[in-house]
Amino acid sequence: QVRLVQSGGGLVQPGGSLRLSCAASGIIFEFAVTGWYRQAPGKERELVARITSSGTTNYLDSVKGRFTISRDNIKNMAYLQMNSLKLEDTAVYYCTADGGPRLGMTWGRGTQVTVSS
């Protein structure tokens, strides 16, 4: 079965940086669509970044130029590098993998990112 284990959340000051990691088993990230979602208290869940099997990336408008999604095919891991963090980036961040009709969509446990001065 597919499992996603996240790490890298925490507390950071505005303008700081943080990198989230996602280790996968039961699925090869290189052949799946990997995404990072986030949900803030009282807000709807939103897609932050996505990378397809072909390497195409998409970003939420508010994080463009600040966040970067990437994969390490050797380690079978995905990352979200977050720079120039703002207070409004505070949320629980979730790693996802879409393995298509056979494997379906898998979600990580989520990790808290808090941006505060």
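The values are calculated or read from the model by the stated rules, or taken from the named source; none is laboratory data. Only a predicted model underlies this, so the values are computations on that prediction, with no experimental measurement involved. As a convention, Cβ positions derive from the backbone with ideal geometry for all residues, glycine included, and neighbour counts pool all protein chains shown. To get the accessible areas, we keep the full protein, side chains included, count just its heavy atoms, and leave off ligands, DNA and RNA. Shrake-Rupley method; radii C 1.70, N 1.55, O 1.52, S 1.80 Å.
Here residue 117 meets each of (1) surrounded by fewer than 16 Cβ atoms within 10 Å (Cβ to Cβ); (2) within 17 Å of residue 46 (Cα to Cα); (3) touching a Leu at 6+ places or on another chain (Cβ under 9 Å) with one exception, condition (2).
Of all residues being open to solvent by 40 Å² or more (accessible area, probe 1.4 Å) and farther than 18 Å from residue 113 by Cα in segment 65-76, which is farthest from the chain's Cα centre (by Cα)? Just the residue, please. Among those that are open to solvent by 40 Å² or more (accessible area, probe 1.4 Å) and farther than 18 Å from residue 113 by Cα, it is 74. State which residue is farthest from residue 114 (Cα to Cα) when the search covers only segment 80-90 and only residues that are assigned to a loop (DSSP other than H, G, I, E, B) and over 15 Å from the mean Cα position of the chain (by Cα). By that ranking, first place goes to 84.
Results for (1) closer than 21 Å to residue 27 by Cα; (2) among the aromatic types (Phe, Trp, Tyr); (3) in a strand (DSSP E or B), shown as yes or no for each residue.
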position	(1), (2), (3)
38	no, no, yes
48	no, no, yes
75	yes, no, no
78	yes, no, yes
95	yes, no, yes
102	yes, no, no
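Any residue in segment 43-61 that's without any contact (Cβ under 8 Å) to a residue 60 or more places away in the chain: show its pairings with residues that are in a loop (DSSP other than H, G, I, E, B) and of a type in the set (Gly, Ala, Ser) at Cβ separation under 6 Å, as long as the two are six or more apart or on different chains. Listed pairs, sorted by first residue: none to list.
Collect the residues in segment 1-32 that are of a type in the set (A, V, I, L, M, F, W, C) and open to solvent by 50 Å² or more (accessible area, probe 1.4 Å), keeping them in residue-number order. Answer for segment 1-32, where residues must be of a type in the set (A, V, I, L, M, F, W, C) and open to solvent by 50 Å² or more (accessible area, probe 1.4 Å): 5, 11, 28, 31. Screening residue 42 on (1) open to solvent by 40 Å² or more (accessible area, probe 1.4 Å); (2) assigned to a loop (DSSP other than H, G, I, E, B); (3) at pLDDT 95 or above shows it passes everything except condition (3).
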